[in-house]
Each structure stands twice: as structure tokens, then as C-alpha cells.
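Scroll down for the structure; my scribbles are underneath it.
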There are 2 protein chains.
Amino acid sequence: MDKKLAKMIRDVPDFPKEGIVFKDITTLLKEANGLRSSVDLLNEYFKDLKIDLIAGIESRGFIFGTPLAYNLGVGFIPIRKPGKLPAETFSQEYALEYGTDRIEMHKDAVREGQSVLIVDDLLATGGTAEAAAKLIENCGGKVAGFGFIIELTFLNGINKLKGYNVKSLIKY
Amino acid sequence: MDKKLAKMIRDVPDFPKEGIVFKDITTLLKEANGLRSSVDLLNEYFKDLKIDLIAGIESRGFIFGTPLAYNLGVGFIPIRKPGKLPAETFSQEYALEYGTDRIEMHKDAVREGQSVLIVDDLLATGGTAEAAAKLIENCGGKVAGFGFIIELTFLNGINKLKGYNVKSLIKY
């Protein structure tokens with residue numbers, strides 16, 4: 001748990017709905033050393049794993065995923081909400097509190113045997129992260145691990161990611 | 001115009017609707033040297049301008065904006081679609097082909113006098129870019145310039161950004 005980073009996160013009560021305290025990363029991002037330390041800590045943790053690609057989950061996963069890809073010297077794949085990617089996609093459903101949602105990835109984004117690190121800002125229930133892993137594995141890729149800025153441990157999302165290498169910088 | 005980068009962009013016909021040829025940057029992004037060169041070229045162009053912050057426009061502006069912020073050693077501000085930012089926002093309308101849309105920025109994202117570089121993947125009609133500049137200037141910030149990966153010159157978006165320092169890596 002990185003306390004210096006944790007202090008840069010802002011609590012916003014009642015967002016996106018009443019009773020929820022939203023962990024706002026924009027206050028961390030606008031500090032040069034907030035962005036830099038987040039990326040450097042994930043880089044330090046994952047740099048020896050022979051990663052071929054970073055996959056970032058729309059849209060806050062893009063924010064941390066691309067500077068990490070830049071630093072690791074690898075390419076970046078966007079995993080997006082339905083209908084956003086222009087070429088042929090694979091689609092994966094995941095459960096929400098009420099109902100379901102989907103994420104998509106280009107069919108040619110990952111080649112057989114490539115090792116992919118999945119990045120997002122937040123590990124909550126783990127549904128999106130698990131769906132992202134399925135997308136990569138369905139293409140024949142290998143999930144090298146998951147990098148998160150924040151983990152809400154009381155939601156037990158980590159249970160959906162058993163057997164994977166998971167690094168979260170800040171835990172609540 | 002960077003020809004090596006231009007070759008990494010994929011044309012996707014009839015996306016998002018019939019008759020439009022979409023310039024797909026995901027084929028550039030998944031190549032380590034595509035992401036790296038894009039960021040390095042923007043960095044090289046803007047590094048002496050004393051920039052305080054990068055603002056990225058949702059969501060492909062996040063992809064190029066954060067590694068650039070990392071490299072320039074500055075913070076990052078997300079400019080987002082309505083309802084996505086948790087704290088108090090300023091909102092700015094812009095014209096679409098039919099109708100209007102809005103983008104938002106946190107009220108406390110930019111302090112008086114800060115110099116902000118706006119980043120997005122694509123300069124098309126320039127409506128979003130112009131709205132982003134208004135958001136920053138309404139906060140008392142100064143727009144240091146605009147960095148784009150692609151400019152569709154036939155749409156004349158550059159006319160909306162007169163007086164600003166604009167750099168586009170690839171022009172069609």
C-alpha cells in the first residue's frame with residue numbers, strides 16, 4: 001500500500017449514486033509525481049515478466065496503461081465498450097449488480113502465445129477484469145498479470161482473479 | 001508528416017457509418033515503436049514550451065496524453081463526456097454535424113496561469129478541440145498548444161484553432 005499515492009486520491013460522496021463514495025483519481029493524475037509514481041511502481045513490479053503487450057480497459061485503464069507500455073517498451077491494446085472499435089472484435093459479457101454488460105477487443109489485437117498485462121484504475125467486483133482475461137485467452141494470448149491503482153478489498157474482486165499475478169498500489 | 005507512423009494506421013471502411021473511412025490507430029498502438037515514436041515526436045515538439053499540464057480528450061486523447069505527460073514530467077487532466085467526472089465540473093457545448101454535444105472538466109483541474117497542452121488522437125472538424133480550449137481558458141489557464149496524431153486536413157479543423165500552436169504527426 002502506497003500511502004503517498006493514497007493521499008492524492010479524493011473521496012467524492014454520492015457518486016455515481018447516493019451512498020457510494022467514489023475514489024477520484026483525477027487529483028492524483030494532475031500531480032506530476034502522482035502519475036509518475038503510479039506508473040513507476042507498476043513498471044518496477046512487472047518489468048521482469050517478459051510482457052509483449054499492455055491491455056487497458058476503457059477508459060481509465062488507458063490513462064495508466066499507455067505510459068506503462070511506453071516504459072516497458074511494448075505495444076498497447078484498448079479493450080473497449082461495445083461498438084467503439086472499428087474492425088472485427090471478440091466480445092465478452094460480464095455481470096453487473098443488476099444485469100450484464102460487455103467489453104470488446106479487436107480479433108487481431110493479440111497473437112497466439114503473446115504475454116499480455118491487463119491494466120485498469122480500479123479492482124472492484126472483478127467482473128470487467130475477468131472478462132478482459134477471457135478476451136485475451138480466447139485469442140491464444142497469455143495473461144501475464146493485472147495492474148491496478150486501487151483495489152476495493154471489501155468487494156473481493158481478487159477472488160475472480162485466482163491464479164493470476166495481481167498488483168494493486170492502493171487498497172481500501 | 002511522419003510516413004513510418006502513417007503506414008501503421010489502418011483504414012476501416014464504413015465505420016462508424018457507411019461512406020466514412022475510419023483511421024484506426026489501434027494498429028499503430030499495438031506496435032511498441034508506433035506508440036513510442038508518436039509520444040517521442042510530440043514530446044520533441046513541445047518540450048521547450050514550459051507546459052504545466054496535459055489535458056487529454058476522452059478517450060483516445062488519454063492514450064497519447066498520459067505517456068506524453070509522463071515524459072514531460074507534468075500532470076494529466078481528463079476532459080470527459082458529460083456525467084463521467086465525479087466532482088464539480090465546467091461544461092462546454094460544441095457543434096456536431098447534426099445537433100450538439102458537450103465535454104466537461106473538473107473546476108479545480110487547472111489553476112490560474114497554468115499552461116496546458118491539449119492532446120487528442122484526431123483533429124477533424126475541430127469542434128471538440130475548440131471546446132477543450134474554452135474549458136481551460138475559462139478556468140484562467142493558458143492553452144500552450146494542441147498535439148494530434150492525425151489531422152484530416154480536408155475538414156479544415158485547423159481554422160477553429162487559429163492563433164494556437166498546433167502539431168499533427170500525420171496529415172490526410
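Read-outs: derived from the displayed coordinates by stated rules, not from any lab. For clarity, every value in this text was computed on a predicted model and none was experimentally measured. With ideal geometry, Cβ positions are generated from the backbone for all residues, glycine too; neighbour counts draw on all protein chains shown.
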message = Any residue at all in the range A:49-60 that's buried (at least 24 other Cβ atoms within 10 Å of the Cβ) and more than 22 Å from residue A:5 (Cβ to Cβ)?
response = yes
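Do you know which of the residues in the range A:71-85 that are farther than 13 Å from residue B:28 by Cβ and not aliphatic (A, V, I, L, M) is farthest from the other protein chains (Cβ to nearest Cβ)? Show your work before the answer.
The initial filter retains those residues of the range A:71-85 that are farther than 13 Å from residue B:28 by Cβ, namely A:71-74, A:79-85.
Applying the additional criterion that residues be not aliphatic (A, V, I, L, M) yields A:71, A:73, A:80-84.
Details: A:71: 8, A:73: 5, A:80: 8, A:81: 9, A:82: 12, A:83: 8, A:84: 8 Å.
Per the stated criteria, the residue is A:82.
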inquiry  = Tell me whether the range A:74-86 contains one or more residues that are surrounded by 21 or more Cβ atoms within 10 Å (Cβ to Cβ) and in a helix (DSSP H, G or I).
reply    = no
ask   = Looking at the range B:75-97, which of its residues are more than 16 Å from residue A:23 (Cα to Cα) and more than 16 Å from the chain's Cα centre (by Cα)?
value = B:82, B:89, B:90, B:91, B:93, B:95, B:96, B:97
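Taking only the range A:29-49 into account, find how many residues are over 18 Å from residue A:146 (Cβ atoms) and more than 9 Å from every other protein chain (Cβ to nearest Cβ).
From the range A:29-49, those over 18 Å from residue A:146 (Cβ atoms) are A:29-37; that's our starting set.
From what's left, more than 9 Å from every other protein chain (Cβ to nearest Cβ): A:37.
Selection size over the range A:29-49: 1.
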